[in-house]
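First the structure, in the form of structure tokens, and then the observations on it.
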Amino acid sequence: MSAPFVISREFNAPRERVWKAWTEVEHLRRWFGPAGFAMTQCKLDLRPGGIFHYAMRGPDGKEMWGKWVFREIVAPERISLVNSFSDAAGGITRHPMAPAWPREMLSTTTFAEKGGKTVLTLEWKPINATPEEIATFEGGRPGMTQGWTGTMDQLTNYLSKEMS
């Protein structure tokens, strides 16, 4: 098993506001995703066993679906979920550009208060993965860093402009 991918960012916003941006559909749809991607569809059922199912359109015009299945929600401290690529019906699919990408990722996001600011830490690790999928995950670390850095930048901008 490989070490998890971990990325953190400190936001100049109280934890409750960062939590709302991460857990309420009217906020998520306005910032979630790497730069250049727009969320075109989404539905959210924020409870253990509930699902966040969404579509994003990339700069090339192609649509990509994703799905989160929530395992644990401890507001406003932690969310644990299984993250997958998806189809429009909610079925688990392969990564559209990396067929050997793990089909399921365990994702844990923590929200820590720090002097009126929030430190968000995201941890990703493959679950139920084959050796080939684990190797693809290991090789994908630079891309995960780039994608999540862009997503965190989008959240930084959203918190400073839209939610202030």
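Miscellaneous remarks
- For Ala13, the residues 5 or more places off, or on other chains, whose built amide H falls under 5 Å of its own are Thr118.
- Relative contact order (%) - criterion: Cα under 8 Å, at least six apart; region: the stretch 54-164: 16 percent
- The alpha carbon convex hull volume per residue for the chain rounds to 107 Å³.
- Translational D in µm²/s for the stretch 25-88 (Stokes-Einstein at 20 °C, 1.002 mPa s, Kirkwood Rh from C-alpha pairs): 174 µm²/s
- For the chain, calculated [θ]222 nm from helices alone, where every DSSP H run of n ≥ 4 adds -39500 (n - 2.57): -8500 deg cm²/dmol
- Loop-located trypsin sites (Lys or Arg not before Pro) across the stretch 47-100 with a Cβ neighbour count of 14 or fewer within 10 Å are Lys62, Arg94, with loop assigned by DSSP.
Read the figures in this text as sums done on the coordinates, not as results from a lab. Since the structure is predicted, the reported quantities are computational estimates derived from the model, not experimental observations. No Cβ is skipped: glycine too gets one built from the backbone with ideal geometry, and neighbour counts run over all protein chains shown.
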